[in-house]
Amino acid sequence: MLWSAFRDLIRRTLLSDQIQPPDPDTGIVPPTNWSDDQLADAMRLALDAFARHTARKLTVTYGNGGTVPVNLETDRTFTLPEEALDFEPLEECACVVLVTDSVTTQLEPLECTPGIPVTSEGFYSPTPNTITINATATSNSVLHVTYYAYYEPPVADTDPVQVPRWAHAALVYLVAAHCMTSVSVASANINQWKVKQDSGNPEHNAFRAQQRWFMELYERELARFARQERNA
């Protein structure tokens, strides 16, 4: 689904914020409650949160003719692309394969203790989203690193929404919840000037209650699907 269609879906189903036709006399299109930029910001936050459940699986290649041209004979430490997940150890979820003279070797993760030299063949992550290999390589070697990544947020109307189709419903709820933040804050600012307490136990910020409900629906929808197993 393209971003323009997904954006309209959010407006129609949850925000009641459909784009109206132009005024017949002036030709002016009435403004929506949430701008395209606001929806894009909410989508970016929602995609980052959803990646904790299910992320993209990508591969970057280092070495001769690779995505990142380096000399593996001398270079040993590499930085993954910035979209790589930054909250899980690479030793647990990355797959690192070294190809030298048509010989393919899958490198195993190593435990690295500061001050103790690494002698076994394999790889380790000295800092988040970096990989250091300890293996024999030549200037013609190629290193393939498969990793998990955040989603690329859509910007243009024709950009695709990259999440799997089963996640569309959950993502709609989460985007709508983020959209409610600004109006919830505005409502809270207005309510602070009330001088009389309403009777009973009323909800003083309906937008905040709606936001909580959307978040709950997001969690319910995600719970229907197994969390991604990010093993190498």
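Every number here is computed from the coordinates shown, using simple stated rules; none is lab data. Just so we're clear, the structure is a prediction, and the values are computed from it rather than from any experiment. For neighbour counting, all protein chains shown are included, and Cβ atoms are generated from backbone atoms with ideal geometry for every residue, glycine included.
Neighbour counting of Cβ atoms within 10 Å sorts the residues H168, H178, fewest neighbours leading, into H168, H178. Each part reduced to its alpha carbon centroid, the stretch 117-170 and the stretch 38-81 end up 4 Å apart. The calculated FRET efficiency for S35 paired with D75, based on their beta-carbon distance and R0 = 45 Å, is about 0.50.
Shown here are the Rg and Dmax of the Cα trace of the stretch 56-149, at 12.4, 35 Å. On the beta carbon distance between L58 and A209, with R0 = 35 Å, the FRET formula returns roughly 0.35.
Residue order for S16, S125, S4, S141, fewest other beta carbons within 10 angstrom first, comes to S16, S4, S125, S141.
Can you give the local net charge around V142? Use residues other than it whose beta-carbon is closer than 14 angstrom to its beta-carbon, Lys and Arg +1, Asp and Glu -1. For residues surrounding V142, the net value is -3.
Computed from the C-beta positions of E108 and T181, the FRET efficiency with R₀ = 41 Å rounds to 0.40. With 0.36 nm allotted per residue and the present C-alpha distance subtracted, the A49-Q228 stretch has 63.1 nm of extension available.
Here the extension length gained between R12 and D86 equals 23.2 nm, from 0.36 nm per residue of separation less the Cα-Cα distance.
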